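**Student:** Could you have a look at this structure, given as structure tokens, before my questions?
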Amino acid sequence: MDSIRLFIDFGSTYTKVVAIDLDKEEILSTARVPSTVETDITLALDEALRQIADSSGIGSLEKKEALACSSAAGGLRMVCSGFVPDFTSKAAKHAALGAGAKVIGCYSYKLTEQEIKAIEAAAPDIVLIAGGTDGGDEQVIIHNARMFSRASRAISNIIVAGNKATYDEIRSLFRDNGKNVIFTSNVMPEIGVLDVAPCNREIRELFMRNIIEAKGIARAKSIIKDVIMPTPSAVLEAAKLVADGYDGVGGLGELIVIDPGGATTDVHSIAHGHPSRGDTLAVGLPEPYQKRTVEGDLGMKYNTDTLLELIKGRETPPNFTSIVEGFHEGKLPETEEEFACHQLLSSIMVRVAMDRHAGKIEVIYTPTGEKLVQHGKDLTGIRTVIGTGGPIVFSSNPRQVLEAALFREEDAFSLKPRNPRFYLDEHYIFYAVGLLSQVEPKKALNIAKKYLKQI
Amino acid sequence: MKKAPTVITGTVGSDVHVIGTKVLSRALRDAGFNVVALGMQVSPEEFIKVAQETNADAILMSSLYGMADLDLQGFNEKRLEAGLGDVLLYIGGILGLGRHDFKEDEAKFKKLGFDRVYPPDVDLNVAINDLKNDLKAKGKM
């Protein structure tokens, strides 16, 4: 009995629990209860654990060892600030997204009073300040640090990840000012070098120490062991593990994970993304090997208006608009007609999210003729695409939804995968794999490979 | 003792020649400069963005395919807009097509905003000395 581990996801809509037998590397049971984070997060948690206990006979011992991730209470909301948009601002954004955050604002150059007011109004959980290579520009980051040091309590957690030569001065700006300021390595220490791992670690630490407390999520620690990362981080960890393998157990190689949901559609690519054509030059800041994008306007429940806009002009089933209204109100598809509409919306979410995530080819005209340059990652050669998230897992035809991520000749400049195998996270446990990977990576990998279904 | 000045090198535009800029970068490093070497096919915009983030004191562009003036139309305006009016701009190499007088190249690129222009057979020590003098005059060395 003590080889059973519980993994919990405090989602924005549902609190989910999965019980895994670590010795047999088997899923014992899963439970899904509407989230109660607004009132008391432990209510839904208790109910979900009760359901699990009924089917798997777990006791308080297992509960005490349970690990959780969370995207509840708005998730981890961050604002990024850097210097040049294509350089340190982008690097800061990659760092935040890679840590599982929702980037609610990304600013460049010296901040104005008005911008600071807007950031205060947004009340981010963490502000990430970058700017200047190490030994490079000092003015912008110091100016911005000064502005933030004078800001209201709405901005209280700050991570500084820019030109290290400015740190002494920035430290003195924040002395005795009550804000929680953490210094870490520059997200872009040199031109062309992205170094987001140290920043990712600090973000996660801060999330575990402060953020979950502030959101009432830490209350769950009275029952379980800990909430150790934002949910998207758990999915990203799982993706990395499944791609790279661990300690002699092979992974699936470079891959993409697509995760549409009620509020957002996330795409994760674990891939270098080098140009596949010899005549193409990669330009711009290199993208992270583990790259995550979040489309905040592509949620099945919250953004039905955006999705309807994107579908305009295509053929839709009868009663389409009223059925979609129902999804917006939280209704789940039941009839065949409703499933068809759901399918259509899910496909759009996947197609657009993949478009935005994948790299692009640009033709530039030079004195020596046409040249091809690549922005972002070339994902045309990716051989594995994994679908997770409610709209795919509970769809009537997951494969069809995932096919919306494929490369299309009509849009050849978008470097999406040409010929991948498709897999489904059938039991909706990817987040659990990510959590388990933090304590038992080999078992997590075996379980992932066992339960990912090729479709 | 001021810290070592930061200089950016690279071959501008769609030019793939890289030896000139590599030799120059090596000489600059030996002379004690902090060199950010961008290699070949560097767009004018990239020079500007890199100069901003690294707080560079000078940009030394190389070009060997004779068409740099096409690549650099409007460059001066862009760099001024980016707040880089105080950055030294040098260019060297084969700066025009066919047989012509170097003086024409010099005039053309000075008009495009460059402080100094060099022919392909320049002694790099001369260029580096010019750089040191220009930086000293600006109080950056």
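The values are calculated or read from the model by the stated rules, or taken from the named source; none is laboratory data. In this text the structure is predicted, and so the values were computed from the model without any measurement. Reconstructed Cβ throughout: ideal geometry from the backbone, glycine too, with neighbour counts over all protein chains shown.
**Student:** Applying the selection to the stretch A:40-52, what residues are surrounded by fewer than 18 Cβ atoms within 10 Å (Cβ to Cβ) and touching a Gly at 6+ places or on another chain (Cβ under 9 Å)?
**Tutor:** Across the stretch A:40-52, the qualifying residue is only A:ASP40.
**Student:** In addition: Please pick out the residue among A:ASP137, A:ASP168 that is acidic (Asp, Glu), away from chain B (no Cβ under 14 Å) and over 18 Å from A:MET78 (Cα atoms).
**Tutor:** Residue meeting the stated conditions: A:ASP168.
**Student:** Being part of a helix (DSSP H, G or I) and either aromatic (Phe, Trp, Tyr) or in contact with a Lys or Arg (Cβ under 6 Å, 6 or more places away or on another chain) (or both) is the filter here; which residues of the stretch A:323-365 pass it?
**Tutor:** Passing the criteria: A:PHE327, A:PHE339, A:MET354.
**Student:** Now, a different point. Quick one: B:LYS140 ticks every box in (1) buried (at least 22 other Cβ atoms within 10 Å of the Cβ); (2) more than 14 Å from chain A (Cβ to nearest Cβ); (3) in contact (Cβ under 8 Å) with a residue 24 or more places away in the chain except a single one, so which number is it?
**Tutor:** (1)
**Student:** Only one of (1) in the same structural domain as A:HIS375 (by TED's automatic domain parsing); (2) modelled with pLDDT of 95 or more is not met by A:GLY262, so which one is it?
**Tutor:** (2) is the only condition that A:GLY262 fails.
**Student:** May I ask you to list the residues in the stretch B:47-72 that are within 11 Å of another protein chain (Cβ to nearest Cβ) and either part of a strand (DSSP E or B) or over 26 Å from A:THR88 (Cβ atoms) (or both)?
**Tutor:** Within the stretch B:47-72, B:SER63, B:TYR65, B:GLY66, B:MET67, B:ALA68, B:ASP69, B:LEU70 meet the criteria.
**Student:** Restricted to the stretch A:120-179, and to residues that are of a type in the set (Val, Ile, Thr) and over 29 Å from the mean Cα position of the chain (by Cα), which residue is nearest to A:GLU213 (Cα to Cα)?
**Tutor:** Restricting to residues being of a type in the set (Val, Ile, Thr) and over 29 Å from the mean Cα position of the chain (by Cα), the top hit is A:ILE170.
**Student:** Any residue at all in the stretch B:73-80 that is farther than 13 Å from A:ILE191 by Cβ, among the aliphatic types (A, V, I, L, M) and within 11 Å of chain A (Cβ to nearest Cβ)?
**Tutor:** Within the stretch B:73-80 (the criterion being farther than 13 Å from A:ILE191 by Cβ, among the aliphatic types (A, V, I, L, M) and within 11 Å of chain A (Cβ to nearest Cβ)), the answer is no, since none of the residues qualifies.
**Student:** Here's a follow-up. Condition first: more than 14 Å from the chain's Cα centre (by Cα) and of a type outside the set (A, V, I, L, M). Now tell me which residues in the stretch B:94-119 satisfy that.
**Tutor:** B:GLY96, B:GLY98, B:ARG99, B:HIS100, B:ASP101, B:PHE102, B:LYS103, B:GLU104, B:ASP105, B:LYS108, B:LYS111
**Student:** Which of the residues belonging to the stretch B:90-116 are closer than 18 Å to B:LYS22 by Cα and assigned to a strand (DSSP E or B)?
**Tutor:** Within the stretch B:90-116, B:TYR90, B:ILE91, B:GLY92, B:GLY93 qualify.
**Student:** Right, another one. If we only count strands (runs of 3 or more DSSP E) wholly inside the stretch A:195-298, which ones have 2 or more residues that are touching a residue at least 40 places away in the same chain (Cβ under 8 Å) and either closer than 24 Å to A:LEU424 by Cα or out of contact with any strand residue (DSSP E or B) (no Cβ under 6 Å at 6 or more places or on another chain) (or both)?
**Tutor:** Per the criteria, A:226-230, A:255-260, A:265-270, A:290-295.
**Student:** Taking only pairs six or more apart or across chains, which ones have beta-carbon atoms under 6 Å, a first residue in the stretch B:14-36 that is over 23 Å from B:LEU70 (Cα atoms) and within 14 Å of chain A (Cβ to nearest Cβ), and a second residue that is in a helix (DSSP H, G or I) and small (Gly, Ala, Ser)?
**Tutor:** Pairs found: B:VAL35/B:SER25.
**Student:** Answer with yes or no whether A:VAL283 is more than 30 Å from A:LEU49 (Cβ to Cβ), outside the structural domain of A:GLY82 (by TED's automatic domain parsing) and modelled with pLDDT under 95.
**Tutor:** Criteria met by A:VAL283.
**Student:** Of all residues in the stretch A:269-289, count the ones that are touching a Ser or Thr at 6+ places or on another chain (Cβ under 8 Å) and under 20 Å from A:ALA92 (Cα atoms).
**Tutor:** 1
**Student:** Can you tell me which residues in the stretch A:101-120 are hydroxyl-bearing (Ser, Thr, Tyr) and within 19 Å of A:PHE87 (Cα to Cα)?
**Tutor:** A:TYR107, A:SER108, A:TYR109 - these are the residues of the stretch A:101-120 that are hydroxyl-bearing (Ser, Thr, Tyr) and within 19 Å of A:PHE87 (Cα to Cα).
**Student:** Give me the strands (runs of 3 or more DSSP E) completely within the stretch A:366-455, filtered to those with at least 2 residues that are buried (at least 16 other Cβ atoms within 10 Å of the Cβ), ordered by residue number.
**Tutor:** Filter on the stretch A:366-455 gives A:369-375, A:384-387, A:421-425.
**Student:** Using the structure shown, decide if A:LEU285 is within 14 Å of chain B (Cβ to nearest Cβ) and more than 21 Å from the chain's Cα centre (by Cα).
**Tutor:** Criteria not met by A:LEU285.
**Student:** Out of curiosity, is B:TYR90 more than 14 Å from every other protein chain (Cβ to nearest Cβ) and either free of Cβ contacts under 8 Å to residues at least 24 places away in the same chain or surrounded by fewer than 23 Cβ atoms within 10 Å (Cβ to Cβ) (or both)?
**Tutor:** Yes, satisfied.
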